[in-house]
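See below for the structure under consideration.
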Amino acid sequence: MATRTASNQCLMCPKGEGTCNCAGCKGFFCTQHFIEHRKQLSKQLDDDVVSAHDQFSEEINKIKQSNSSPSALLSKIDQWQTATVEKIQKAAEKAREQVIQLFNKDKETITKRFEQLKKEILTRRETDSFVEHDLECMKENINQLQQDLGQLARTPNITLHIDQGDQIDWNRFIYAEYEQPAPGQCIDVFQVHVSEKNNSKSKTLTRNK
């Protein structure tokens with residue numbers, strides 16, 4: 001007659017015959033305790049898995065029904081937009097000041113040249129010290145001043161250097177992407193890339209799972 005081995009004994013009662021084997025834990029149980037073992041597994045399923053599932057289901061339904069958004073990232077984008085607009089406004093204001101300064105400098109130069117010519121004409125007239133050549137030179141100077149003044153009024157001799165918008169990759173100037181976390185790192189990583197001229201910055205926001 002074969003003897004019962006320890007490995008075939010019921011895990012829950014030392015006297016019971018382990019006729020039923022659990023495919024999960026590999027343990028042997030008698031019929032009564034195998035049924036009890038299955039009830040325990042069912043209870044763990046309800047308490048641990050189903051309960052967690054139901055809780056998560058409620059949370060995800062709340063998110064679906066709400067108007068929630070990744071406010072931290074959107075706030076960073078708003079901050080970048082504000083800072084960028086301020087930089088553009090400052091650059092535009094600086095360019096305006098430069099144009100006005102250069103324009104006034106040209107006006108001042110023409111005015112000084114005119115005053116010098118005016119003084120020369122008065123001096124030569126008072127002293128009666130001029131000949132045909134002097135008359136031609138003074139006339140040419142007046143014509144040149146008229147041309148320079150007209151040029152200044154129409155199109156100042158000032159060049160604007162502007163980085164054209166079509167040279168900027170607006171799709172990469174600022175953009176967001178989903179960054180895969182490192183192995184074993186159970187977090188969602190959102191990254192906002194902010195590109196600036198001759199510079200590139202990244203701002204990262206993590207959300208625990």
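The values are calculated or read from the model by the stated rules, or taken from the named source; none is laboratory data. Since we're looking at a predicted model, the values are computed, not measured. FYI the Cβ positions are ideal-geometry reconstructions off the backbone, even for glycines, and counts take in every protein chain you see.
Structure notes:
- Counted residues, segment 120-150 - those being modelled with pLDDT under 85 and not in a loop (DSSP other than H, G, I, E, B): 0
- Screening the candidates 65, 55, 9 for the property of being surrounded by 11 or more Cβ atoms within 10 Å (Cβ to Cβ) and either assigned by TED's automatic domain parsing to the domain that holds residue 176 or out of contact with any strand residue (DSSP E or B) (no Cβ under 6 Å at 6 or more places or on another chain) (or both) yields one hit, 9.
- Looking across segment 21-52, the residues that are of a type in the set (A, V, I, L, M) and surrounded by 11 or more Cβ atoms within 10 Å (Cβ to Cβ) come down to 35, 41, 45, 50.
- Of residues in segment 62-114 being of a type in the set (S, T, N, Q) and part of a loop (DSSP other than H, G, I, E, B), the one nearest to residue 138 (Cα to Cα): 69
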